[in-house]
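Before any comments, here is the structure.
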Amino acid sequence: GCVLVVSVIEQLAQWHNSTVKAAAERLCNYIPGKYQIIHHIIDREMNADVVCHSLKLCKQDPGQPLCHLYPPPKVSWFSTFFQSYRLWKKSFTGFSSICAFPLLANLCEKIKYVIRNKLPFEDFDGDKFSTFPTLRGYHWRGRDCNDKNTTVYPGRRPDNWDVKSDSNCNGIWGVDPKDGIPYEEKFCKGADSQGVVLLGDSAGAHFHIPPEWMTVMQMSAKSFANLPMAFTNELDWPQFSEITGFLNSTIGGWTDSLYLRLRRRNRCNHRDFQNISQNGTRGRLTQEIRGGLARNQLLDNPAIVVYATIGNDVCNGNRDTLAHMTTPKEMLSNVVQALRYLDSRLPNGSHVILTGLVDGRFLWDNLHDRYHPLGQLNRDVTYSQLYSFLDCLQVSPCSGWLTPNETLRNLTSERALQLSNVLKEIARSEKFANFDIFYMDFPLRQTAEEWHKMGGEPWQLIEPVDGFHPSQIAAALGTSITWQKALHEWPQVLGKENPFNDQIEAIFKDQGGH
């Protein structure tokens, strides 16, 4: 984090031909709020690695290599470090944690709470749905339409056909004055209404760091307008994601999601989605389901549950990465345990789709020799350098795939295939009382082929800043491929098309969209 911020300040000074102090103040003016930036210690002869080691925000543990993103400075590392360390001792004390900033302390505590509980921070009636967008609010699950009544929430079966009020937040309630039939009964009875739930990892949560945050040639105050929202969503953008996205994308590409397609197929499904994904989640999801899933077996509609941990069971930042990967035996135990718990929570008639792991060799093959956003100004930081830097720090999102070691990349993909085969066998052999179960491979190859037909390049399917996650384009294309597979192979999963969709939308339009 320190290397990133200092790099941006140094490049701003270079791009605008200004002093470092002026560049730091420029960045402060770009960022919402009064964030303090240290500029006293930054000097043109000290690159970001030197500055951050001097501030003790980066350190070298005994017996470990010295981690650096940039080439060492022209003068000796020790003398440069000592010079900047003296400046730091003179000017600063106690700068040990970003959460020590007073303006960030409360935000850090909120984010810790959200990450720990995977529930909306603002939920006054305790029904696991919120009227607030971020901090696990309605960007993550359908918006509550009455946060003072625990029996009103998206996804439930209508209470007395919602004659008097909207109990399931799909916007359909009241009685048709022409014939006295409740709208919910007229339009939604027998319509196979169902929600969609994602149990996933950072790819499902749609992790994204905007490249304009660190590309100084394009940087302005507008670049950071979404920073508060991004931080309170854990740098995830579920509102644009492949499974539960519902807003038009503001991060490139376009939004297409399983939820939006189910909603178009049956307007009664409005707001019935839950994204229970978390950065770093592996295949053992029982705890996430227990804490985060909002589904009542007796009162709620069935759901399509997408179980997609596409990489973290083989991805870690450890030096001996193979030893820390999930084994096929562990995968079988973890997933079956989670499915059994799901069977005790999901309404009858639900469906579960198990998604296989991705073949992450695609990442190195298409990115390693390209310049990272931090390296585009001076053409000095490639993805290969970034991967090596993160691996040295032992914070690589995937040491097995983000490596020049081809043998290790192949072994990681081999383990991923083994785990995918476990999921495939579970879908073939396991039976559950309240849902049927299906398997599909992660559609990376089909996505790349489709994007190539559209004139795109493979590297555009990968998030540019982290060089690891699927991009917005990949998410949207993946939705289309998944939908087509379901239509042809599992039509019963998607439910039938509601013949009253046009009438419902016409009434909404007549009433001003309410």
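The values are calculated or read from the model by the stated rules, or taken from the named source; none is laboratory data. None of the values given here were measured: they were computed from a predicted structure. Cβ sites come from the backbone with ideal geometry, for glycine too, and all protein chains shown count toward neighbours. Heavy atoms of the whole protein, side chains included, go into the accessibility calculation; ligands, DNA and RNA do not. Shrake-Rupley method; radii C 1.70, N 1.55, O 1.52, S 1.80 Å.
Think of a 1.4 Å ball rolled over the protein heavy atoms: the chain then has 46 Å² of accessible area per residue.
The H on the amide N of residue 305, modeled in the peptide plane, is under 5 Å from the matching H of 197, 351, 352, 353, each at least 5 residues off or on a different chain. Placing +1 on each Lys and Arg Cβ and -1 on each Asp and Glu Cβ, with no other charges, gives segment 195-501 a dipole about its Cα centre of roughly 820 debye.
Placing unit charges on the Cβ atoms only, positive for Lys and Arg and negative for Asp and Glu, gives the chain a dipole magnitude near 920 debye about its Cα centre. The H on the amide N of residue 207, modeled in the peptide plane, is under 5 Å from the matching H of 237, each at least 5 residues off or on a different chain.
Out of the total accessible area of segment 195-501 (probe 1.4 Å, heavy atoms of protein only), what percent is carbon and sulfur? Accessible surface attributable to carbon and sulfur in segment 195-501 totals 52 percent. Among 53, 378, 323, flag the residue with its Cα farthest along the positive direction of the charge dipole of the chain, charges on Cβ as +1 for Lys/Arg and -1 for Asp/Glu. Of the candidates, 53 comes out farthest on the positive side.
Dipole magnitude for segment 148-192: about 140 debye, using +1 per Lys or Arg Cβ and -1 per Asp or Glu Cβ, origin at the Cα centre.
Farthest towards the positive end of the charge dipole of the chain, among the residues 266, 460, 11, is the Cα of 11, using unit charges on the Cβ of Lys, Arg, Asp and Glu. May I ask which of 164/496; 128/148; 189/485 have a Cα-Cα span longer than 18 Å here? From the list (164/496; 128/148; 189/485), the Cα-Cα distance tops 18 Å for 164/496; 189/485.
Per the Kirkwood formula applied to alpha carbons, segment 195-501 shows a radius of gyration over Rh ratio, Rg over Rh, of 0.96.
Only one residue of 402, 23, 435 has its Cα farthest out toward the positive end of the dipole of the chain, where Lys and Arg carry +1 and Asp and Glu -1 on Cβ, and that residue is 23. Expressed as a whole number of Å, what is the distance separating the alpha-carbon centroids of segment 416-494 and segment 211-275? Comparing the Cα centres of segment 211-275 and segment 416-494, I get a distance of 19 Å. Mind sorting out which of [x] -0.59; [y] -0.43; [z] -0.51 is the real log10 I(q)/I(0) by the Debye sum over Cα atoms at q = 0.07 Å⁻¹ computed from the coordinates? Computed from the coordinates, log10 I(q)/I(0) by the Debye sum over Cα atoms at q = 0.07 Å⁻¹ corresponds to [y].
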